[in-house]
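Structure first, then comments.
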Amino acid sequence: VQDLPGGPGVRQLNLTSAATRIAAEQSWLHWFMLVTCLVIFIAVFSVMFYSIWKHRKSVGHKPANFHESVTVEVIWTIIPFLIVIGMALPATKVLVASKDTSNADLTIKATGYQWKWGYDYLNGDPQGVSFVSTLLPAHREISNEGARGPDVPNNYLLEVDNPLVVPVNKKIRIITTANDVIHSWGVPAFGVKQDAIPGFVRDTWFRSEKVGDFYGQCYELCGKEHAYMPIHVKVVSQDDFTKWTADQKKIMAAKADDPSKVWTLPDLEARGEKVYTANCQACHQPNGKGAGPILPLDGSPIVNDPDKTKQIHVVLNGRNAMPSWKGTLSDTDIAAVISFTKNHWSNHTGQIVQPAEVLAQRGK
Amino acid sequence: MSSSAQGTPNYYVPQPSRHPAFAAFGLLAIIFGAANWINGVTWGRALVLFGFLWLFWVLFQWFRDSIRESEGGLYGRKIDISFRWSMSWFIFSEVMFFGAFFTALWWMRSHSVPALGSVDNAVLWPGFKAVWPSIAPGATASPANIIEPFQTMTPFWLPTINTALLLSSGVTLTIAHHALRANHRGMTVLWMWATVLLGFSFVCVQGYEYFHAYHELNLKLSSGAYGSTFFMLTGFHGFHVIVGMLMLFFITIRLMRGHFTPERHFGFEGAAWYWHFVDVVWLFLYTLVYWL
Amino acid sequence: MSAVLDPHGHGAAGDHSGSHGHGDDHHDHAPTGWRRWVYATNHKDIGTLYLLFSFTMLMIGGLLAMGIRAELFEPGLQLFNPELFNQLTTMHGLIMVFGAIMPAFVGFANWMVPLQIGAPDMAFARMNNFSFWLLIPAALMLVGSFFMPGGAPAAGWTLYAPLTLQMGPSMDAGIFAMHIMGASSIMGSINIIVTILNMRAPGMTLMKMPMFCWTWLITAYLLIAVMPVLAGAITMTLTDRHFGTTFFNPAGGGDPVMYQHIFWFFGHPEVYIMILPAFGIVSQVVPAFARKRLFGYASMVYATSSIAILSFIVWAHHMFTTGMPVTGQLFFMYATMLIAVPTAVKIFNWIATMWQGSMTFETPMLFAVGFIFVFTIGGFTGLILAMAPIDLLLQDTYYVVAHFHYVLVAGSLFAMFAGFYYWSPKWTGVMYNETRGKIHFWSSLISFNVAFFPMHFLGLAGMPRRYADYPMQFADFNAVASIGAFWFGLSQVYFFFWVVLPMLRGRGEPAAQRPWNDADGKGAEGLEWEVPSPAPFHTFEVPPRLDPTATRILDARVQPGH
Ligand code: HEA
Ligand code: HEA
Ligand code: CUA
Ligand SMILES: [Cu+2]
C-alpha cells in the first residue's frame, strides 16, 4: 500500500497534512504542545534519574532528613500554573477562529444514517442537489474476506459511491444532524470534526485551499457498521464545480420518480434487488437470513403477511435494530425492495407493492 | 443505637454472617428476573417476586440481628457516631441521585425543548412551537407530534394537600422526638403513629393523583419531556416516602416494645433525618415541578 | 493467615512466621472452610475476596482485549463480525473499569485502611461483606450478557443514547448490573469514610494519616457524589427503552446530548476515582524505598483535594465535538488544563522524596517509579487532548485510547502491582520471589509501551476508535500494538502463576514483620508494619497507643505477636 493523498499515510507519525488554515494552526498548536511537554518531561525526569543514579543505597548514599519546604512548593505550584496559561492563550485563539461559521459561501447539510451519509445542498447554485454517500460495496466485501492480497486498494474503506463535491477556497458550512443515532462527521485534513446528533442540528466549517480528494470517517460509535461509513470530499475548482452542479441537477430531474406510476412486478423486483444490495444486504445478508440480532427476511412472518402495510411500516419507521428508511429511500425504492423481498428466496407471496401504497403509509 | 454507654465496647465487629451473601443472591434473582420481565420473558416476573420475598426475608433477619445487638448493649458511643456519619453520607448520595433528575428537568425545560423549537432546528422540526410544558396555548405537543395531548398537573389541590400532609408530618415527628427525649413514651408512640398516618395519606393522595393524571388529564409517563420528568421525579420521591414510612413504622413498633432510651436512640433519629430529607425534596418538587 | 488459601487452615502459614506468635490462635471463632469467605466479616478476608475478584475480572477483561487486538492485528475481518467486535470493546471497557480497577482499590482499602489507622476492622463489617457480594450478581449479569439473545451490549462503555435504545435485552441486564455495582460502591465508600473519620487510633490525627488513607477518603467522597448520578442516567436509559419516557429522544423533547452531560459528570470524576488511590499507593512506596519521609505531606493532601474538586467541573472535555457554544468549550478547556497544576505538585513531591534519599529498587519501587514515568506521559497526552482545537482532531481516535491506557494501565494497574509487591508479604507472610518480580516489571513495562505507544501515531493519523476494520495504511502500527498487547497479557499470566499463586499457597521465604526496613530501622513506616507477618486475623482490637508521629505503637502489650 501507498500513502493516500488527503487521507492517511503509511506509518504516518503525525497529523494529516493540512488543507485548511485552521488545520494548519491546529497542527502548529500540536507541535507547540509536543515540544513544551517534551521539554518539561526531560527536565523533570532528568532530575529523577539523576537522583536514582546518585542517591542509591548501593552507592552508599545516606538519606537526608528534609521533607518540607513551603518555598519550593509554592514555586512549583506557580510555575506550572504559568505554563498552563501560556498554553491556553494560543489554544483560545485557534478555537475561537474555528468556531466562527458565519458568512459561509455554501451550506450543506450532512445527515448521518446507519450507515451512510446523506448530503443536501441548501443554498446557492446547487440548492436542491441531494444524494446519499455510501462506502463502495466492493470494499465491504474485501473487509469480509479479510482484506488480504496485494490488490486491496489504497483507498480501502475510504472510497464512496457519491463523494461530497465542494469548490476550492470557498467557506463551506456543514450542518450536521442524524436520523437514528449519533454519528460524527470529520475530515482530518480540514481540521474538522462535528458530531451529528439526531433531532438537533450542529454546524462546522472549512475552507479548503487545495483541490483533491480528502477523506474522513465516522468518529462516533453508531452500531455495527460504524467502521464502514467514510466521508469522502472532492474539492474542485470553481469551474468544475459549476459543471458538476449542472450535471447533478440533470440527474436529480431524471431520478425523480413519479410515485403514482404503476409498475409491473418484474420491473419492481429488478429495481428492488439493486436497492437491497446497496442498503439491506450488509445486515440481512445476501441470503436474507440475517445474523445475530438481525432478523431474517427469508420466511419472515411480516414479509409474508398478507397485510402489506406491516412491512411497509417497518421499513419506513424502523424497529429496534432496524433503522428507519423514510428519509433515505424514495417511495419507489421502498416499494421495489419490499416487492423484491416478498418474492425472493423462499418467499413467494406474489404480492406487489406500488409506490403509491408506500406514500399512503408515510406519516402514519 | 440504644442501651447505656457503660461497659459497651469501643468497637463492635460482628460475627461472620450469612446475611450479606444471601441478600446479594436475592438481588441477583431480582435483576435477572427484571431484565427478562421487561423483555417479555414469562418467568421474569415470578423470579422478581421470588427475589423480593427472599430479600425481605434476609433483611428481616439482618435487621433483627442488628436490633438484638443494639438492645444487647453492643453498640457503644463510637458506633453511634459511625451510624451518624454513615446516615448523613447516605442521604447525601440520595441528594445526588435526585440531582440527576432535577438536572434533566432543567435541561429539557431551559435547553433542549427551546432549542428544538428554535430557528436553527426549523429544518428538522418545521412545525414545532416550543412552549413548556409542550401543551400550553400555541404549542405543539412534541417535535415529532408523537405525543397525545395532555393536561398538566396543577398545584391545586392535590399537590398542595400533599405539601400540607408532609409538612405536618415533619412537625408531628419533631413532637415525637421531643417526647422521647422527655421520656414520655406514650406520647412518642402516639405522635409517631400520627406521622406514619400522615405519610400514608400522602402516598394515597399521590396514588389518586396518578390515577387522575392517567385517566382524566391523559398525562402519562410517555407524555414527552413533561411526562417523563413529572413521573420520574414524583415517582422516585413517592418511593422514598414509602421507604421512609416503613422506617418510621418499624421504629414505632420498636418504641412500643420499649426500645431506645431518652439519651440514645439513633435508630429513631436516622429515620427522622431520612424523613426530613424526603420532605425537603418534596418542597423542591412542589416549586419546580408543580408551580413553575 | 489471612490471604493464604492453604487448605490446611491458617496454622500452616503461621509456622513460617517463626519468631512471631500465632496471632489468631486464641480467636476460636476464626471461621474455617467456605463459610470463612462467604460469611466473612473480617476486613482482611473481604479484602482478599475483593482482590481475587478483581483479578478474575482483569483476566476476563484482558481476554476480551486480546480478542480486540487479535481482530485488529491485520486489516479486514478475520475473527469477529463487527457487531461482536463492538460487544468486545464495550464489555472490555465496562469490565475493566467497574470489575477490575475499582474493586481492586476497594480491596486494597479493606486490607490496609484499618491496619494503617489502627482500627480493628471496617466500621460496618457486615455491610462491607454486602458490598463485596453485590459484585457477584453484577459480574454474573455483565459477563453472562454475552449469552443473552442478541449478545452483550455494544454501545461502548459510555453507553451513549440513542444507540443504547437499539440494544437487545442484555442492555437491561447491563443497566441493572451497574445499578448494583453502584450500590456496592456507595456502601463501600460510606464504610471507608466512616472508618477513616471515626475509627482512627487515638493520636492518629487526620494530618498524620498515611497518604493512602487520605487518597481513599477523598476518592470515597467522589464515589458517593457521582455513582448516584450514573444510576440516574442509566435509569433514564432504562425507562426510555421500555416505559415510553423521552429523556434522550428529541421527538418527545429530550436530548441525546443530555445523556452525555449526565454521564460525564459521573465519568470524569470516575477516572480520578481510578487514579487517586494509585497516587496513594505510590506515596507509600516511594518514601519507603527512598528511606526518607514523604516530601510535602500537607501539599499532597491539598493537591489531591484540588484534583477531586476540579474533577467536577471539567466533564465536557469529553464532549468538545458535540457542538457546545465556544464559551462552554473555553471554560471546560481551561478547567481541565488547571488539573495539571495539582498533579504537577504530586509528581514533584515524589521526585523530591527520592532526592537525596538512599534508594533501593525492589519490585514495588520499580513499579512506583515506572508509574511516575509512564503516567506522566499519559498525563501530557491528556493535556494535549484538553486543548479543544487539537481535540477536534483527536477525539474518538486511537490517540484517546493511548491516553487512557497510559493513565489506567501504566497508572492504576502499575500502582496496584506496586502495592501488591509492597504489602503482600504482610498479607501472606511470605516474600515474593524478587527475580520474578523484576521479570514481571520489565516485561510489563516494555510490552506495555510496545502495545500502546504506536496508538498515538494511529490516532494522530486519524484512526477512529471502536473500529473493527481500518484502512490499509494503519496496518503496521496495529500489528505492533497487537504483538505488544499479547506480550503484555502473557506477562500478567506469568505474574499470576509465578508470583501470585505461590504466595497464595504460602510458598516462599517467610516474610519478616518489617520486610522493607534496614537494620537501623530506615524504610517503610506505618502501623501496618507494627503487626507480624502475616497479619493476624484480628488486629488492634484494643486501640493502640501511638508515638507522636503516629507511625509506631508504644504499648506493645495489647498487640498480638509482641
Ligand atoms: C486514570 C484515569 C485518567 C486520568 C488520571 C486522566 C487524566 C487526564 N485526562 Fe483523561 N481520560 C481517561 C482517563 C484518565 N484521564 C479516560 C478513560 C478517557 C476516555 C474515556 C472514553 O472516552 O472512553 C479520557 C479522556 C480524556 C479526554 C477526552 C478525549 C476525547 O475523548 O477527545 C481529555 C480531554 O481533555 C482528557 C484529559 C485529561 C487530563 C488533562 C488529565 C490530567 O489529569 C493529567 C494531569 C497530568 C499531567 C499533566 C502530567 C504530570 C504533570 C507534570 C509532570 C507537571 C508539569 C506539567 C505541566 C505544567 C503541563 N482525558
Ligand atoms: C480500566 C482499565 C483498562 C485496562 C486495564 C485495559 C487493558 C487493556 N486494554 Fe483497554 N480499554 C479500557 C480500559 C482498560 N483497558 C476502556 C475504558 C476502553 C474503552 C472502551 C470503549 O471504547 O467503550 C478500552 C478500550 C481498548 C481498546 C480500544 C477498542 C476499540 O476502540 O475498539 C483496545 C485496543 O487495543 C484496548 C486494549 C487493551 C489491552 C491490550 C489491555 C491489556 O492491558 C490487558 C492485559 C491483560 C490481560 C491480557 C489478561 C491476562 C491474561 C490472560 C487472561 C490470559 C490470556 C492472554 C493471552 C492469550 C495473551 N482497550
Ligand atoms: Cu456512523 Cu459511526
Ligand atoms: Cu475526563
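The values are calculated or read from the model by the stated rules, or taken from the named source; none is laboratory data. Since the model is a prediction, treat every value here as computed from it, not as a measurement. Ideal geometry is used to build each Cβ from the backbone, glycine not excepted, and the neighbour counts take in all protein chains shown. To get the accessible areas, we keep the full protein, side chains included, count just its heavy atoms, and leave off ligands, DNA and RNA. Shrake-Rupley method; radii C 1.70, N 1.55, O 1.52, S 1.80 Å.
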Exactly one of (1) more than 16 Å from ligand 2 (Cβ to nearest atom); (2) under 26 Å from C:PHE420 (Cα atoms) is unmet by C:GLU270. Its number? (1)
Based on this model, can you work out whether B:PHE231 counts as free of Cβ contacts under 8 Å to residues at least 60 places away in the same chain, out of contact with any helix residue (DSSP H, G or I) (no Cβ under 6 Å at 6 or more places or on another chain) and buried (at least 20 other Cβ atoms within 10 Å of the Cβ)? yes
Considering each of A:ARG11, A:ARG56 in turn, give the residue that is within 7 Å of chain C (Cβ to nearest Cβ), at positive phi and of a type in the set (Lys, Arg). A:ARG11
Residue check, C:THR353 of a type outside the set (Asp, Glu), facing another protein chain (nearest Cβ under 9 Å), open to solvent by less than 10 Å² (accessible area, probe 1.4 Å) and under 26 Å from A:SER69 (Cβ atoms): yes
Residues that are within 12 Å of another protein chain (Cβ to nearest Cβ), assigned to a loop (DSSP other than H, G, I, E, B) and surrounded by 18 or more Cβ atoms within 10 Å (Cβ to Cβ): does the stretch B:76-93 have at least one? yes
I'd like the full set of residues that are more than 8 Å from every other protein chain (Cβ to nearest Cβ), open to solvent by less than 20 Å² (accessible area, probe 1.4 Å) and either within 16 Å of ligand 2 (Cβ to nearest atom) or not aliphatic (A, V, I, L, M) (or both), limited to the stretch C:304-327. C:THR304, C:SER311, C:MET319, C:PHE320
At pLDDT below 95, among the aliphatic types (A, V, I, L, M), away from ligand 2 (no atom under 16 Å from the Cβ) and touching a strand residue (DSSP E or B) at 6+ places or on another chain (Cβ under 8 Å): is that true of C:MET359 in this structure? yes
Restricting to the stretch C:276-303, and then to whatever is over 13 Å from C:PRO210 (Cα atoms) and open to solvent by 10 Å² or more (accessible area, probe 1.4 Å), can you tell me which residue is farthest from ligand 4 (Cβ to nearest atom)? C:ARG291
Whichever residue in the stretch C:447-462 is of a type outside the set (A, V, I, L, M, F, W, C) and within 12 Å of C:ALA410 (Cα to Cα) and, among such residues, is surrounded by the most Cβ atoms within 10 Å (Cβ to Cβ): C:SER447
Could you tell me which numbered condition C:MET207 fails, if it satisfies all but one of (1) assigned to a helix (DSSP H, G or I); (2) within 30 Å of C:THR246 (Cα to Cα)? (2)
Can you name every residue in the stretch B:175-201 that is within 30 Å of B:VAL289 (Cα to Cα), open to solvent by 60 Å² or more (accessible area, probe 1.4 Å) and polar (S, T, N, Q)? none
Kindly indicate whether B:GLU216 is open to solvent by less than 40 Å² (accessible area, probe 1.4 Å), out of contact with any strand residue (DSSP E or B) (no Cβ under 6 Å at 6 or more places or on another chain) and farther than 19 Å from B:ALA271 by Cβ. no
Working only within the stretch A:35-71, note down all residues that are in a helix (DSSP H, G or I) and either within 16 Å of ligand 2 (Cβ to nearest atom) or surrounded by 15 or more Cβ atoms within 10 Å (Cβ to Cβ) (or both). A:THR36, A:CYS37, A:ILE40, A:PHE41, A:VAL44, A:PHE45, A:VAL47, A:MET48, A:SER51, A:ILE52
Residue satisfying condition, being within 9 Å of ligand 2 (Cβ to nearest atom) and over 19 Å from C:GLY156 (Cβ atoms), within set C:ALA70, C:ALA100, C:ALA65: C:ALA70
Since A:LYS261 meets every condition but one in (1) under 28 Å from the mean Cα position of the chain (by Cα); (2) modelled with pLDDT under 85, which condition does it not meet? (1)
Of all residues in the stretch C:376-389, which are over 16 Å from C:MET455 (Cβ atoms) and either more than 18 Å from the chain's Cα centre (by Cα) or among the aromatic types (Phe, Trp, Tyr) (or both)? C:LEU383, C:ALA386, C:MET387, C:ALA388, C:PRO389
The condition of being within 16 Å of ligand 1 (Cβ to nearest atom), more than 30 Å from A:HIS183 (Cα to Cα) and away from every other protein chain (no Cβ under 14 Å) holds, among C:PHE420, C:PHE448, C:PHE452, C:PHE497, only for C:PHE448
Would you tally the residues in the stretch B:1-27 being at pLDDT 70 or above and within 9 Å of B:GLY73 (Cα to Cα)? 0
Search result, residues across the stretch A:103-158 that are assigned to a loop (DSSP other than H, G, I, E, B), open to solvent by less than 30 Å² (accessible area, probe 1.4 Å) and within 14 Å of chain C (Cβ to nearest Cβ): A:GLN114, A:GLY146, A:ALA147, A:VAL152, A:TYR156, A:LEU157, A:LEU158
For C:GLY459, are the conditions met, namely being within 14 Å of another protein chain (Cβ to nearest Cβ) and not in a helix (DSSP H, G or I)? no
When restricted to C:ASN198, C:ASN191, the only residue surrounded by fewer than 24 Cβ atoms within 10 Å (Cβ to Cβ) and either more than 14 Å from chain A (Cβ to nearest Cβ) or within 16 Å of ligand 4 (Cβ to nearest atom) (or both) is C:ASN198
The one condition C:GLN492 fails out of (1) open to solvent by less than 10 Å² (accessible area, probe 1.4 Å); (2) touching a Leu at 6+ places or on another chain (Cβ under 8 Å) is (1)
Residues (more than 7 Å from every other protein chain (Cβ to nearest Cβ), open to solvent by 40 Å² or more (accessible area, probe 1.4 Å) and closer than 15 Å to B:VAL289 by Cβ) located in the stretch B:103-119: B:TRP106, B:ARG109, B:SER110
Out of everything in the stretch A:193-249 that is assigned to a loop (DSSP other than H, G, I, E, B) and away from chain C (no Cβ under 14 Å), what residue ends up being surrounded by the fewest Cβ atoms within 10 Å (Cβ to Cβ)? A:SER237
Which of (1) open to solvent by less than 10 Å² (accessible area, probe 1.4 Å); (2) within 16 Å of ligand 4 (Cβ to nearest atom); (3) not in a helix (DSSP H, G or I) is the odd one out, the single condition C:TYR406 does not satisfy? (3)
Of all residues in the stretch A:179-192 being assigned to a strand (DSSP E or B) and in contact with a Cys (Cβ under 7 Å, 6 or more places away or on another chain), the one that is nearest to ligand 1 (Cβ to nearest atom): A:SER184
Of the residues in the stretch C:54-93, those that are open to solvent by less than 20 Å² (accessible area, probe 1.4 Å) and outside any helix (DSSP H, G or I) come to C:PRO75, C:GLY76, C:LEU77
